[in-house]
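See structure below.
The values are calculated or read from the model by the stated rules, or taken from the named source; none is laboratory data. Since we're looking at a predicted model, the values are computed, not measured. Reconstructed Cβ throughout: ideal geometry from the backbone, glycine too, with neighbour counts over all protein chains shown.
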Amino acid sequence: MTDPITIVFPLYQGVTHLDFTGPHQFLSRIPDSRVMTASLGGVPVTADNLTFAGLTDLVSIARCDVLCVPGGMGCIEAMQDRAYLDAIRRLAGTARWVTSVCTGSLLLGAAGLLSGRRAACHWAWRDLLSAFGAIPDAGRVVRDGEILTGGGVTAGIDLALTLIAEMTDVETAQSIQLGLEYAPAPPFDAGRPETAPPAVRDRVLARLAPGIPVRRAAVARAAAAMPL
């Protein structure tokens, strides 16, 4: 008998739920796996008006094989939370694979885990990775050693399949993909700023613009507090 593969998603208030529910769905199909969703104190977490309860206390988890840090607007507050960052730094030290989805890579950066590493992020936040000594990469799934990072939100599913193939084998990954009928065929080619119509891109950028100074200030504070 071998121990199950332990996969931990460290959640926080304001997480984007698809950042973790997407990969969670796929990783839960791995044979002999144990997927854990956790928060500081095990308190319920609210994400886009959905509340996730029954969470494990993040601090009580001794180790994991895979750490997957999701993103979301709540990452601004989470990157200032030393207890949260200490917990993911500690677990990363026990993990074989350290991963993130979307702006979860900023949290890995704030925890001091991305210095000199290539990393992906949501396109609107990607440049902020540089503040943590990381090398921004526009790839959908980016690997640098034991660290795998995904781009924005839906890239988490691609990251999960990439990880499943490595943890098990390609046929297992493909079987899980088929079982969940993951065959994306979006009705619009507007999922990247390079392909979206200019008017759509401008509309999204205008919506994001008011929050940019807040994000940059939060990242600057987190970068200044990074462990040496």
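Evaluate region 86-93: report whether one residue or more is at pLDDT 95 or above, within 13 Å of the chain's Cα centre (by Cα) and farther than 15 Å from PRO227 by Cβ.
The answer is no; no qualifying residue exists.
Give just the number: which of (1) out of contact with any helix residue (DSSP H, G or I) (no Cβ under 9 Å at 6 or more places or on another chain); (2) closer than 20 Å to GLY151 by Cβ does THR99 not satisfy?
(1)
Determine whether GLY74 is touching a Phe, Trp or Tyr at 6+ places or on another chain (Cβ under 7 Å), touching a residue at least 60 places away in the same chain (Cβ under 8 Å) and under 30 Å from ARG203 (Cβ atoms).
In short, yes.
Filter region 20-51 for residues that are touching a strand residue (DSSP E or B) at 6+ places or on another chain (Cβ under 6 Å) and assigned to a strand (DSSP E or B) and give the result.
SER33, ARG34, VAL35, MET36, THR37, ALA38, SER39, VAL45
For region 134-180: of the residues being touching a residue at least 40 places away in the same chain (Cβ under 8 Å) and small (Gly, Ala, Ser), which is nearest to ARG96 (Cα to Cα)?
Filtering region 134-180 for residues that are touching a residue at least 40 places away in the same chain (Cβ under 8 Å) and small (Gly, Ala, Ser), the one nearest to ARG96 (Cα to Cα) comes out as ALA160.
Taking region 157-198 only, how many residues are loosely packed, with under 13 Cβ neighbours inside 10 Å and either of a type outside the set (Gly, Ala, Ser) or in contact with a Ser or Thr (Cβ under 8 Å, 6 or more places away or on another chain) (or both)?
Here the count works out to 14.
Of the residues VAL43, VAL35, which single one is surrounded by 16 or more Cβ atoms within 10 Å (Cβ to Cβ) and β-branched (Val, Ile, Thr)?
VAL35
Consider VAL15 carefully, then state whether it is more than 20 Å from GLY152 (Cα to Cα) and among the β-branched types (Val, Ile, Thr).
no
Does any residue in region 1-29 that is on the phi > 0 side of the Ramachandran plot come within less than 8 Å, Cβ to Cβ, of a residue that is in a loop (DSSP other than H, G, I, E, B) six or more places away or on a different chain, and which pairs are these?
GLY14/GLY72; GLY14/MET73; GLY14/GLY74
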